[in-house]
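Notes follow the structure.
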Amino acid sequence: MEYSFLAEVVLITHFLYAFFVVGGLLLIWIGGFIKWQWVKLFWFRVIHLASIAFVAVISLFGIPCPLTILEGNLRIAGGADFYNQSFIQYWLHKILFYEAPDEIFTLIYAAFTIAVAGSFYFLPVRFPPFLATKLKKE
C-alpha cells in the first residue's frame with residue numbers, strides 16, 4: 001500500500017475518534033433528556049470515558065498524539081509535500097488541528113473528561129447482568 005493512502009486512513013481514523021468523543025457526549029446528554037435507553041449501555045459509556053481520558057492523560061504528560069505522529073511519519077515516508085495536500089487531508093486538518101498553547105488543549109481535554117465522567121452521575125449506566133449481580137452481592 002502507498003504511504004499517502006495509509007496516512008489518509010490514519011487521518012480519517014483520527015477524525016472519527018474525535019467525532020466519537022465529542023459526538024458521544026452530545027448524544028449521551030440528548031439521549032438522557034429524551035430517554036434513549038442505549039445511552040445507558042455500560043460498554044459504550046466506559047469506552048467513551050476511556051477514549052477521552054486517554055487523550056487527557058497523554059496531554060497532561062506532554063506526550064504527542066500517537067495518531068498525529070503516525071500520520072506525519074507516513075506522509076514523510078511517502079515523500080509528501082505539505083502544500084500538495086489531498087482534499088481529505090486539507091479539510092480534516094482544518095477541523096482537527098487548531099493553533100493554541102498546549103496548556104489550553106490539556107485544560108480542554110481535562111474539562112471534557114470531567115464532563116464525561118460527570119455524565120455517569122447524572123445519567124447512570126445500565127450494568128450488564130454479570131456485573132449487576134456482582135455489585136448487588138457486595
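Structure above, values below:
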quantity	calculated
Any chance Ala7 is farther than 24 Å from Ala115 by Cα and either among the polar types (S, T, N, Q) or not in a helix (DSSP H, G or I) (or both)	no
Restricting the stretch 47-68 to residues that are within 13 Å of the chain's Cα centre (by Cα) and without any contact (Cβ under 8 Å) to a residue 12 or more places away in the chain, the residue that is least open to solvent (accessible area, probe 1.4 Å)	Ile58
Phe33 vs. criteria under 22 Å from Pro124 (Cβ atoms), free of Cβ contacts under 8 Å to residues at least 12 places away in the same chain and among the aromatic types (Phe, Trp, Tyr)	yes
Residue within the stretch 22-32 that is modelled with pLDDT of 85 or more, open to solvent by 70 Å² or more (accessible area, probe 1.4 Å), under 30 Å from Pro128 (Cβ atoms) and not in a helix (DSSP H, G or I) present	no
Residue check, Ser4 surrounded by 14 or more Cβ atoms within 10 Å (Cβ to Cβ), over 26 Å from Pro129 (Cα atoms), of a type outside the set (D, E, K, R) and touching a residue at least 12 places away in the same chain (Cβ under 8 Å)	yes
Helices (runs of 4 or more DSSP H) fully within the stretch 67-138 counting 1 or more residues that are at pLDDT 90 or above and either polar (S, T, N, Q) or in contact with a Phe, Trp or Tyr (Cβ under 8 Å, 6 or more places away or on another chain) (or both)	102-122
Flag if Ala18 is under 22 Å from Val125 (Cβ atoms), open to solvent by less than 50 Å² (accessible area, probe 1.4 Å), touching a helix residue (DSSP H, G or I) at 6+ places or on another chain (Cβ under 8 Å) and part of a helix (DSSP H, G or I)	no
Residue match in the stretch 20-42 (condition: under 20 Å from Phe5 (Cα atoms) and of a type outside the set (A, V, I, L, M))	no
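The values are calculated or read from the model by the stated rules, or taken from the named source; none is laboratory data. Here the structure is a predicted model, which means the values were calculated and not measured. As a convention, Cβ positions derive from the backbone with ideal geometry for all residues, glycine included, and neighbour counts pool all protein chains shown. Quick note on the areas: whole protein, heavy atoms, side chains included, nothing else; ligands and nucleic acids left out. Shrake-Rupley method; radii C 1.70, N 1.55, O 1.52, S 1.80 Å.
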